[in-house]
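Below you'll find the structure, written out as structure tokens, and then a few comments.
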Amino acid sequence: MYYIPTLIGLTVMVFAILHAGGPYKLIAPYINPRLSGPARQEQIQMLIQKFHLNQPIYVQYFYWLWALLHGNLGYTTTPIFSGPATEALAIFFPNTAVLAIFAGVLMWIIGIPLGTWSAVRKDKPDDVAIRVFSYTLYGMPIYLLAVVLIIIFAVYLKLLPISGVVNPELTVGLSWYVNGISYPTHVLIIDAIIHGDWKLALNAFEHLILPAFTLALAAMAGVINILRASMIEVLDQDYVRFARSKGLPEGVVTKKHARPTAMFPVYTNFAYTVAGMLSGVVVVESVFDYPGIGYWLTQSMLGNDMGGIMAGTLIFGLIFVTTSLALDILFAIKDPRIRLG
Amino acid sequence: MSKEESIVKIRDLRLSYYTRRGVYHALNGVDLDIMRGEVLGVAGESGCGKSTLGLTIMGLLPRNAAIENGEVMVDGFDVVRPLREYFRRSKGKFKPTKNDDVLKKLHKAMMNIRGVKVSMVFQEPMTTLNPVMPVGYQIAEVLLQHNVSLLAKRRLARAKATREDMKAILGYLRGNDMASMMDYIKSRRLEGIEDQVMAYWRRRDLHDLVKEIRILSLCCDAVNPMLRPGLSYAARTNRLPSAPVLRQLVRHELVKEGYRKAAEYLGLLGMPEPEKVVKMYPHELSGGMRQRVVIATAMINNPELVILDEPTSALDVTIQAQILDLLKDLKQETKAAYMFISHDLSLLYQVSDRIAIMYAGKVVEVGPKDSVFKEPKHPYTQMLLEAVPTLEPHELKGIRGEVPDLRNPPKGCMFHPRCPFAMPICREKEPPTVDVGSGHKVACWLYAGGGEKK
Amino acid sequence: MARRGGLGGFWNEERKLSLQVFLSNKPAVVGLVIVLIYIADALIVQFAPWLLGLKNPYALTPNYINPIPQPPSWKYPLGTTYPGVNLLTAIIKAIRVDLGLSVAVVLPGAGLGIVIGIIATYIGGWVDDLLMRITDIFFSVPYLVLAIAVGYVLGRDITSMIIALIIVWWPLYARYTRSVTLQVRELTFIEAARAAGASNAKIMFRHILPNALPPVLVQMSMDLGTVMLVISALAFIGFLPVSNFPELGYLTTLGLNYINTAPWTILFPGIVIVIFAVSVYLLGMGLMDVINPRRRSSL
């Protein structure tokens, strides 16, 4: 319902942030550093003309929005990619999507049973263990989690690779993998499957495991805590007692009667989980050198690359707003009270 | 009610709740029997332990409830035994988490008692039903858990019955010849159809013609041939087949049948448009309708005892009357016993056969309702009856004093601080329960010969 | 049972019970003790660094003679990190910086959010709608990303990091304040005050706020940990172009190249953050128990 206004607001905010630094900051990257004196001034004037920076600010906004809607996000210059920002998006976004979806699935299939179990076994040793686990995850900065996982699984156990997306030896001479960019989907694991290179796909998958687990574990703490709290509350409800009075097995009582309602706080808080995960993506991708938008964004930050920062901010906002809209719809379907009332 | 065996037998039940603010002695030596087929009314002020008593019979206690002594035999099964044994073992170091483990085991042990022999109707119809499940499923669930064979038989019978069968059955029904109808059904091996036929035939809100059309249309409902062996298996063994996919398919079919049965049953309980209602969610129904759904859930598997915990207190007066009428009808039609918990004495007088009066976790007086109401023996009962407002004006008397703090209950008789007839012995010793004639029992020193006889 | 006057208005018995409830929650007590230790550390480093024998309390002291990380020993109980920094003193210094930064973000962020949340509920109507849409917009960009964008404009330094995080944090408080205020407004005793003819402003400031604010304050205490996590993550990805800055995230990056040989350089600074964040969380949960009447009475 608020999707469109929020999106417009998002563009206004990004525009405002970027223009808060004044016009010079905007054109600085385009100025030829070798020019000086009047030639430099001339170029600055030309750039101001070109980007309509002499116009009133709201006019500038509409010029900017117009360009945006035509897919013109400017240029980005980072060590990992130089060129139109839209092209960079096409390369980096699919990778992030694969990583985030994989992590989300992991979080869901591990976090939900743990939260349920923890509530059912309230105050018993296994519940205490799960709580210690989830509190530790909660208090762990995501980069530390990543590094700890690397130390355990890559350095000591040597089960998984430390970082990157693939073992470079395997990609030598591949026609569809050039300069660290794979074709056609830009997601190495999918491209490898498309080209039937199973060994490479497996290797890429191994590289995906640690980042995905890092993200999943970081986001899991919140889900476990929320589910545990609401589940404990729901298990005290009359309808759970009524379900027991029917002589149903405990498993049915908890999974079929208690959990569906206990999940609603998880659903309503899911936007926060997604937000946390998207922030986590930035860190995780930069720790693991994983070529997604988060990595691109950190590279842009380090290189003061406006195109990358602007495009990254916009795309992260867009992802968040869109997923939360999709989740709202999905979860409304799950709750008959919203659906019908 | 002449000499009959009891379905529930409670002896010296003592139960405490362990909380942060102290130990609440909620039940202090309850002795009570519920006979088969009777309606036992349980009355008392709020906090006197009447709801706790109902929950104890169901074994639905919270984790911090400690059974300190006593037994609760439900049809020969001692519900509180594991809890009592845990309390003995804990030797004063009662841990709710450990108690919870015992309760979990108890839930498992009682699976075949709850919903089969005993079921319960709770006070708040608003919160008793699961908000995210269609009410029909919540009713059918009892049968899916305990009586799969009935559902399977019903389904198979509908597939097998021909139009001629139904016409024949209708003929018997018109002639009110139930015995021959049952014989006919047996000879045609249509067991399961009678349940459905009778559900329509006994409906009061339908015109006879409508009933006949509905009964005739019960026939020839072919069943998927792949499911037939699974359904027969379920009908024979009262269990779902264990083969993975088949199990899901059969279950799905039986869930549909469960909705059908739920709708029929709601129809019998006077619910308008039951076929639509079963697909609705609780929030779409009014309070009275929800309570009907709860009652249907409790009754659908023909339990031997139904515990009604203030089933009408949360409802409007007019709805209350409807639900009471419904319960009276059900009492006539089923052989179940009822334990009717309420604080409303006039309501209990209408529905009960016997009345038990509770005070501070103890049954102080129990007996046939006329005897208890006309000649109350215990001072508390006398004062309680005087406090009931009626339409004819009379002097209302409250009971002076307050309910005792159950964390440190008074010594001796619990009622002595408020009792106008209190004697020295009342402050010293708990009164024994004495029979004052025709099953009318009272726990009071006035009748136990503690002081001067009255 | 309206608790008039909020936390200050408890009856004596209630206050005793609050204490009892809090003390019965062992993890919360442990959390409180640990948080107090951190605060003490920060105060000592700020005002009396000589107590701990710190010569250079506000920066790291590198030792380029022996820059390779050394394992824990008597001389360096937590070992050293690149370039020859004593980890123990570095962490002691860093706690002050991180705690200070957290407070510098949470206090103004929460203050701004609380004021806006109250304005939204107090005026209501379209103002409420508009303010909540604005928080939606701020909320739509993940906090780390938003901080990066703000950092680009203001230049990446500590001030801009604090400003960026305040911008990120206030919407959360605005929403939270709004939701608890709305909850309190539905309570019966507010109806009673209204029926007794109290003015709107009086109801708001005398009756609603004292009851709505405690949960927000607890949330603030819990957020000290969360903000510390975010700050260290920002420092970790290189948001602050500084060197020798005693900050836990930055401290972690120093040892990153020695991950194979010297894991302690990463683990020790990390654990210090984890302990703080968990302690603050446990403390917050304990306080939640105290102010939640339902949990107060349960076992």
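The values are calculated or read from the model by the stated rules, or taken from the named source; none is laboratory data. These numbers were taken from a predicted model, which means no experiment stands behind them. When we count neighbours, we look across all protein chains shown, and the Cβ atoms used for this are built from the backbone with ideal geometry, even at glycine. For the accessible areas, the whole protein counts, side chains as well, though only heavy atoms, and no ligand, DNA or RNA atoms are used. Shrake-Rupley method; radii C 1.70, N 1.55, O 1.52, S 1.80 Å.
When C:Ile208 is tested against (1) farther than 26 Å from C:Tyr143 by Cβ; (2) surrounded by fewer than 19 Cβ atoms within 10 Å (Cβ to Cβ), exactly one condition is not met: (2). Looking only at the range A:288-341, residues that are surrounded by fewer than 23 Cβ atoms within 10 Å (Cβ to Cβ), among the acidic types (Asp, Glu) and more than 14 Å from chain B (Cβ to nearest Cβ) come to 2 in all.
Considering only helices (runs of 4 or more DSSP H) fully contained in the range B:95-164, which possess at least 3 residues that are within 10 Å of chain A (Cβ to nearest Cβ)? Spell out the reasoning first.
Details: elements: B:96-109, B:125-128, B:135-146, B:148-160.
Answer list for the range B:95-164: B:96-109, B:125-128, B:135-146.
For the range B:3-25: of the residues being within 14 Å of another protein chain (Cβ to nearest Cβ) and in a strand (DSSP E or B), which is farthest from the chain's Cα centre (by Cα)?
Here is the first cut: in the range B:3-25, the residues within 14 Å of another protein chain (Cβ to nearest Cβ) are B:16-24.
Narrowing further to those that are in a strand (DSSP E or B): B:16-19, B:22-24.
Working: B:Ser16: 23, B:Tyr17: 23, B:Tyr18: 27, B:Thr19: 28, B:Gly22: 31, B:Val23: 29, B:Tyr24: 26 Å.
The selected residue is B:Gly22.
Among the criteria (1) at the interface with chain A (Cβ under 10 Å from one of its Cβ atoms); (2) in a helix (DSSP H, G or I); (3) closer than 30 Å to C:Tyr82 by Cα; (4) of a type in the set (A, V, I, L, M, F, W, C), the one C:Leu251 does not fulfil is (1). Restricting attention to the range A:170-222, the residues being among the acidic types (Asp, Glu) and in a helix (DSSP H, G or I) number 2. Taking A:Lys246, is it basic (Lys, Arg) and either buried (at least 24 other Cβ atoms within 10 Å of the Cβ) or outside the structural domain of A:Ala216 (by TED's automatic domain parsing) (or both)? Against the criterion (basic (Lys, Arg) and either buried (at least 24 other Cβ atoms within 10 Å of the Cβ) or outside the structural domain of A:Ala216 (by TED's automatic domain parsing) (or both)), A:Lys246 qualifies.
Scanning the range C:131-185 for residues that are hydroxyl-bearing (Ser, Thr, Tyr) and over 15 Å from C:Leu234 (Cα atoms) returns C:Thr135, C:Ser140, C:Tyr173, C:Tyr176, C:Thr177, C:Ser179, C:Thr181. Applying a threshold of 8 Å to beta carbon distances and a minimum spacing of six or more residues, or different chains, the list of pairs starting in the range A:94-116 at a residue that is closer than 15 Å to A:Val274 by Cα and ending at one that is open to solvent by less than 50 Å² (accessible area, probe 1.4 Å) and of a type in the set (Asp, Glu) reads A:Thr96/A:Glu285; A:Leu99/A:Glu285. When B:Leu268 is tested against the conditions (1) modelled with pLDDT of 90 or more; (2) under 24 Å from the mean Cα position of the chain (by Cα), the lone failure is (1). All of A:Ala146, A:Ala154, A:Ala204 fail the test of being within 18 Å of the chain's Cα centre (by Cα) and at negative phi, apart from A:Ala146. Consider the range B:432-454 and keep the residues that are open to solvent by less than 60 Å² (accessible area, probe 1.4 Å) and of a type in the set (Gly, Ala, Ser). The one that is modelled with the highest pLDDT is B:Ala443.
Beta carbons closer than 8 Å, at least 6 apart along the sequence or on distinct chains, pair a first residue in the range C:170-199 that is closer than 20 Å to C:Val115 by Cα and open to solvent by less than 30 Å² (accessible area, probe 1.4 Å) with a second that is at pLDDT below 75 and not acidic (Asp, Glu) for C:Val184/C:Ile190. The residue list B:Leu60, B:Leu53 contains one member that is within 14 Å of chain A (Cβ to nearest Cβ) and either touching a Lys or Arg at 6+ places or on another chain (Cβ under 6 Å) or not in a strand (DSSP E or B) (or both), which is B:Leu60.
Checking A:Leu35 against (1) out of contact with any His (no Cβ under 7 Å at 6 or more places or on another chain); (2) assigned to a helix (DSSP H, G or I), only one condition comes out false. Which one? Failed condition: (2). Within the range B:75-89, residues that are farther than 13 Å from B:Ile113 by Cα and in contact (Cβ under 8 Å) with a residue 40 or more places away in the chain sit with their Cβ atoms under 6 Å from residues that are surrounded by 18 or more Cβ atoms within 10 Å (Cβ to Cβ) and not basic (Lys, Arg), at 6+ positions apart or across chains, in these pairs: B:Val80/B:Ile67; B:Val80/B:Val72.
When restricted to residues that are facing chain C (nearest Cβ under 8 Å) and open to solvent by less than 20 Å² (accessible area, probe 1.4 Å), the range A:113-164 contains 8. Annotation note: of A:Ser182, A:Ser245, the sole residue that is without any contact (Cβ under 8 Å) to a residue 40 or more places away in the chain and under 27 Å from the mean Cα position of the chain (by Cα) is A:Ser182. C:Asn257 falls short on exactly one of the conditions (1) over 30 Å from A:Ser230 (Cβ atoms); (2) in a helix (DSSP H, G or I); (3) modelled with pLDDT of 85 or more, and that condition is (3).
Here's the yes/no breakdown for (1) at pLDDT 85 or above; (2) within 23 Å of the chain's Cα centre (by Cα); (3) within 30 Å of C:Ser221 (Cβ to Cβ); (4) open to solvent by less than 40 Å² (accessible area, probe 1.4 Å):
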| position | (1), (2), (3), (4) |
| --- | --- |
| C:Tyr64 | no, no, no, no |
| C:Tyr82 | no, no, no, no |
| C:Arg96 | yes, yes, yes, no |
| C:Gly100 | yes, yes, yes, yes |
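For the range B:218-260: of the residues being assigned to a helix (DSSP H, G or I) and among the basic types (Lys, Arg), which is nearest to the chain's Cα centre (by Cα)? Talk me through it step by step, then tell me what you get.
Just the residues of the range B:218-260 that are assigned to a helix (DSSP H, G or I), to begin with: B:228-237, B:244-260.
Now restrict to residues that are among the basic types (Lys, Arg): B:228, B:236, B:247, B:251, B:256, B:260.
Numbers: B:Arg228: 35, B:Arg236: 29, B:Arg247: 32, B:Arg251: 27, B:Lys256: 26, B:Arg260: 23 Å.
The residue in question is B:Arg260.
Residue under question is C:Val274, and the condition is that it be assigned to a helix (DSSP H, G or I) and touching a residue at least 24 places away in the same chain (Cβ under 8 Å); does it hold? Taking the combined requirement at face value, the residue does not satisfy it.
Of all residue pairs spaced 6 or more apart or on separate chains, those with beta-carbon atoms under 7 Å, a first member in the range A:19-42 that is more than 24 Å from C:Tyr152 (Cα to Cα) and a second member that is surrounded by 13 or more Cβ atoms within 10 Å (Cβ to Cβ) and of a type outside the set (Lys, Arg) are A:Leu35/A:Gln43. Residue-level check: of (1) surrounded by fewer than 20 Cβ atoms within 10 Å (Cβ to Cβ); (2) in contact with a Gly (Cβ under 9 Å, 6 or more places away or on another chain), B:Lys95 misses just (2). For the range B:331-358, a residue qualifies if it is part of a loop (DSSP other than H, G, I, E, B), over 21 Å from B:Gly47 (Cα atoms) and open to solvent by 10 Å² or more (accessible area, probe 1.4 Å), and the qualifying residues are B:Thr334, B:Lys335, B:Asp353. The residues of the range C:167-193 that are more than 14 Å from chain A (Cβ to nearest Cβ) and closer than 30 Å to A:Gly21 by Cβ amount to a single one, C:Ala174. The listed residues are B:Arg154, B:Arg163, B:Arg174, and the only one of them that is in contact (Cβ under 8 Å) with a residue 40 or more places away in the chain, open to solvent by 10 Å² or more (accessible area, probe 1.4 Å) and out of contact with any Pro (no Cβ under 9 Å at 6 or more places or on another chain) turns out to be B:Arg163. All of (1) without any contact (Cβ under 8 Å) to a residue 24 or more places away in the chain; (2) farther than 30 Å from B:His146 by Cα; (3) crowded, with 22+ Cβ neighbours inside 10 Å hold for A:Leu217 with one exception: (1).
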